[in-house]
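Data first, discussion second: the structure below is written as structure tokens.
Derivation of every value follows stated rules applied to the coordinates shown; laboratory data play no part. In this text, all values refer to a predicted model and were calculated from it rather than measured experimentally. Note that each Cβ is placed from the backbone with ideal geometry, even for glycine, and that neighbours are counted across all protein chains shown.
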Amino acid sequence: MAFQVKPVAAVIALSLVINMQQHSSCVNGVPKVPCFFIFGDSLADNGNNNLLDSLAKVNYTPYGIDFAGGATGRFTNGRTTIDILFCFVLSKRLNFWVLTTTLIPPSVLLNSSDILKGLNYASGAAGIREESGRQLGATISMDGQLKNHEITISRIADIRGEKRAKNNVNRSLHSGVKQWLAKKHLSECLYSVGMGSNDYINNYFLPQYYDSSKKFTTEQYAEALIKQYSERIKKLYNYGARKVVLVGVGLIGCTPTAISARKNGSACVDIMNLAAQQFNQRQQKFNRCQIHLY
């Protein structure tokens, strides 16, 4: 079975219309995929950091002032890119005025009855490297998010197993069969994975907290990150993921924080954008499926 890594162009284009559709919401329609799982950072976090001992949480106003649910922990005034993407893949159309709350829940709500439809594991300030963002307090790194997904898979295996057992004379299934049923379900799901920004913003370019910039050039750091990243993507493949959207690192040198920290009047911090570009160039190998998954 092919491992489909989707180009990020659609996601980038999608982000351009978010401002026009912050007050919109998805309505019920025919799903294009049965389930949606999200791994990422503050661009996707919808509340996972709320219970963490961390400065990287935003469950207070003015965050959420344009969102029907209020300050849920999203790092925005309204919907995230993931919320909008969810509407596109799980319903027929967008309704500009009907507000609903039928979005993918954060993984902290692991007992959600809709677990088969997906979960959001994203954590603000989290990165590919375990230590990234830790100067702000606790985060859920990519490894942590994968561990949470393992718990989800175990529950999905039980749910699918129980359903199959109802039609089984012996009313019991071998654990291997349950795992197969779970992987079959996950192979139909859409996965969105967007990590790496905090490995620069909250690691490499914070030499007062981390020594990564002393150990690596930007080229070497990109290589090290991609190596670690590819190993995590392979894990997702082994779990059953077959449809994956990879989101690249944005222009981190043009963020207000980056510009204000340099205080030289420049529009953007070129070295930060160059580092992001070096990472993204290497990530393109994923889009061309030039990684060994077996």
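Structure notes:
- Length gained on full extension, Glu223 to Ile151: 22.9 nm, using 0.36 nm per residue less the C-alpha separation.
- Whichever aspartates and glutamates have a C-alpha closer than 12 Å to that of Lys227, once near sequence neighbours (fewer than 8 apart) are set aside: none
- Entries of Lys57/Lys183; Lys57/Lys184; Lys117/Lys235; Lys57/Lys178; Lys214/Lys243; Lys178/Lys285 with Cα pairs more than 30 Å apart: Lys57/Lys183; Lys57/Lys184; Lys57/Lys178; Lys214/Lys243; Lys178/Lys285
- Among Val177, Val193, the ranking by other beta carbons within 10 Å of each residue's beta carbon, starting with the fewest, stands as Val177, Val193.
- Stretching Lys285 away from Phe88 to a fully extended chain increases their span by 68.3 nm, per 0.36 nm per residue minus the current alpha-carbon distance.
- Net +/- balance of residues flanking His149 in space, Cβ distance below 11 Å, scoring K and R +1, D and E -1: +2
- Label point distance in nm, Ala68-Phe216, each placed 7 Å from Cα along Cα→Cβ: 4.1
- Leu146, Leu55, Leu186, Leu181 arranged by Cβ crowding within 10 Å, fewest neighbours leading: Leu55, Leu146, Leu181, Leu186
- Paramagnetic reach from Asp143 (point 7 Å along Cα→Cβ, amide N under 16 Å) across segment 226-241: 226-236
- Cα→Cβ-extended label distance, 7 Å offset, between Cys254 and Arg164, nm: 4.9
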